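Engineer: The structure under discussion is supplied below as structure tokens; questions concerning it will follow.
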Amino acid sequence: MVGAWLRERFGVPEESSWKFSLRSHVLAGGPGDDRLGYDFRIHNGDQTYLYEVKASVGSSGEVTLGDSEVERASHLGTYETYIIVYVSDVLARERRRITPLPSPFGAPGLAGYELLSTKMRLRFTLPG
């Protein structure tokens with residue numbers, strides 16, 4: 001669904017833009033890569049757009065970014081834009097809605113978001 005939405009906006013087919021591993025269940029042309037930190041990549045002129053898709057069976061307005069997504073979204077080149085695409089009511093065709101959201105790591109940052117968790121995962125070496 002998001003691939004079709006992006007194709008309408010940019011004219012780029014899902015076969016070339018979809019990078020997530022689920023692509024292998026829908027499209028021919030090889031497996032995707034879940035470690036990239038985004039699901040779709042679109043090149044448009046000098047700009048590259050990285051789209052991370054998050055879906056909900058309801059309309060909670062809440063998403064969780066995984067490690068690879070946080071890593072990628074927080075380390076962009078000057079020519080890159082990271083966008084979260086929230087699909088609400090994903091199982092209810094008549095209520096389903098696509099909402100593009102800005103990266104929480106770019107301008108304006110967390111404006112418009114409520115930070116729900118500040119989890120940290122740390123590794124250290126035991127002495128001796």
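Engineer: Out of (1) modelled with pLDDT of 90 or more; (2) open to solvent by 40 Å² or more (accessible area, probe 1.4 Å); (3) in contact with a strand residue (DSSP E or B) (Cβ under 7 Å, 6 or more places away or on another chain), the odd one out for A73 is which?
Structural biologist: (2)
Engineer: Next up: Just wondering, is there one or more residues in region 108-116 that are surrounded by 12 or more Cβ atoms within 10 Å (Cβ to Cβ), within 18 Å of the chain's Cα centre (by Cα), assigned to a loop (DSSP other than H, G, I, E, B) and among the aromatic types (F, W, Y)?
Structural biologist: Of all residues in region 108-116, those surrounded by 12 or more Cβ atoms within 10 Å (Cβ to Cβ) come to 113.
If we keep only those that are within 18 Å of the chain's Cα centre (by Cα) as well, we get 113.
Applying the additional criterion that residues be assigned to a loop (DSSP other than H, G, I, E, B) yields 113.
With the extra rule that they be among the aromatic types (F, W, Y), the set shrinks to 113.
Within region 108-116 (the criterion being surrounded by 12 or more Cβ atoms within 10 Å (Cβ to Cβ), within 18 Å of the chain's Cα centre (by Cα), assigned to a loop (DSSP other than H, G, I, E, B) and among the aromatic types (F, W, Y)), the answer is yes, since at least one residue qualifies.
The values are calculated or read from the model by the stated rules, or taken from the named source; none is laboratory data. Model, not experiment: these values are computed from the prediction. All Cβ positions, even for glycine, are placed from backbone atoms using ideal geometry, and neighbour counts span all protein chains on display. Heavy atoms of the whole protein, side chains included, go into the accessibility calculation; ligands, DNA and RNA do not. Shrake-Rupley method; radii C 1.70, N 1.55, O 1.52, S 1.80 Å.
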